[in-house]
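Working notes, structure below.
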Amino acid sequence: MVYIFTALYCEAHIFIRQFHLVKNQECTWFQEFYNESAGIRLAVTGVGEIAAAAVVGSVCSTYKPTPGDLLLNVGICAHTTKKNGIFLCNKIIENATGKTFYPDMLYRHNFCEGAIVTGMLPWNGGNDVSNGNLYDMEAAAVYQAGIHFFGPHQMSFLKIVSDSGVMDKVSNEQAAHLMEKYQDCIYDYIRQIASIAQENECGRHALCQEEEIRLQTFCADLHCSRAMSDSMRQLIRYLTLAGIDYASIIQDMYENNLLPCKDKKEGKVRFEEFKRRLL
């Protein structure tokens, strides 16, 4: 499933039309659209960090995304100097706190990359708070709410430049036209990342039952976080395909009372020790 979040309906209409999304009539305080067979769920958050975070949290708490799902935040933004077109954001800066976030850029794409600053108020072009970067009012909030449900590699932020800080001159019709201008490359990107994510999710379950049980027990006794578990699964898959006997190392760690661990801190130490023993 690809979870799409836009701030405005005029940014969402290209997805509603292309993927034949149906409105969820039970959702009353924000607009939600979906097509289960197409694997698309879209929510219109409204403008601003608080609205965006609230809607992302509500949608994800309701539908509980899996490791094979993706989040896409797409919409218009302001630019500062000589920036136009569509950008895939590789850095997100929250103006109010100074915090910086980095979505993982794992997928090959044809977009220009750029950093974006998220502010609580519309940028009027007078104060260069964006320091030459793109500027919007939602991306940082979408990332911070989304990171509770998605990994950094599961989130993408596509922004289309609409103005240079004179937002009241951008009408809904102009915003919709910009979305239509870049719709084909956005559709292609969605299909590409969705296909890769589906292949990766299928690969997650490529272990046999015995190896799966061993992996789950090992991760539980290491007190693995989600990221550690995913890393361990990838490592075990590689070791299995390479024909490396990792099971004996795990067994030896149990026999020497190195497992199970008492907490996550000790688990990280044992995890690194396990990898060292393999080398």
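The values are calculated or read from the model by the stated rules, or taken from the named source; none is laboratory data. Note that the structure is a prediction, hence the values are computed from the model and not measured. Cβ placement follows ideal geometry from the backbone for every residue including glycine, while neighbour counts extend to all protein chains displayed.
Kindly check whether there is at least one residue in region 63-71 that is touching a residue at least 12 places away in the same chain (Cβ under 8 Å) and touching a Ser or Thr at 6+ places or on another chain (Cβ under 9 Å).
Yes, some residue in region 63-71 is touching a residue at least 12 places away in the same chain (Cβ under 8 Å) and touching a Ser or Thr at 6+ places or on another chain (Cβ under 9 Å).
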The condition of being small (Gly, Ala, Ser), within 23 Å of the chain's Cα centre (by Cα) and surrounded by fewer than 17 Cβ atoms within 10 Å (Cβ to Cβ) holds, among Ser171, Ser195, only for Ser195
- Task: Inspect all residues belonging to region 89-107 and state whether any of them is loosely packed, with under 14 Cβ neighbours inside 10 Å, β-branched (Val, Ile, Thr) and under 17 Å from the mean Cα position of the chain (by Cα).
- Result: yes
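How do the helices (runs of 4 or more DSSP H) wholly within region 159-265 filter down when requiring 3 or more residues that are at pLDDT 90 or above and outside the structural domain of Glu138 (by TED's automatic domain parsing): which remain?
Here the list reads 209-222, 247-255.
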So, first residue touching a residue at least 40 places away in the same chain (Cβ under 8 Å) in region 98-118, second residue surrounded by fewer than 20 Cβ atoms within 10 Å (Cβ to Cβ) and among the acidic types (Asp, Glu), Cβ within less than 8 Å, six or more apart or across chains; the pairs are Phe101/Glu94; Thr118/Glu94
Margin query: When you scan region 14-36, do you find a residue that is aliphatic (A, V, I, L, M), at pLDDT 95 or above and closer than 23 Å to Val170 by Cα, even just one?
Written below: yes
Going through region 30-57 in order, the residues found to be assigned to a helix (DSSP H, G or I) and closer than 25 Å to Arg191 by Cα are Ala52, Val55, Val56, Gly57
Scanning region 2-28 for residues that are in a loop (DSSP other than H, G, I, E, B) and either closer than 14 Å to Gln183 by Cα or outside the structural domain of Cys77 (by TED's automatic domain parsing) (or both) gives Phe19
- Any residue at all in region 247-254 that is loosely packed, with under 12 Cβ neighbours inside 10 Å and of a type outside the set (D, E, K, R)? yes
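Being buried (at least 19 other Cβ atoms within 10 Å of the Cβ), closer than 16 Å to Met155 by Cα and among the small types (Gly, Ala, Ser) is the requirement here; does Ala52 meet it? Step through it out loud before you land on a result.
Details: buried (at least 19 other Cβ atoms within 10 Å of the Cβ): yes; closer than 16 Å to Met155 by Cα: yes; among the small types (Gly, Ala, Ser): yes.
Answer is yes for this residue.
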Return a yes/no flag: does region 29-46 have any residue that is in the same structural domain as Ser164 (by TED's automatic domain parsing), under 14 Å from Met155 (Cβ atoms), buried (at least 17 other Cβ atoms within 10 Å of the Cβ) and not polar (S, T, N, Q).
no
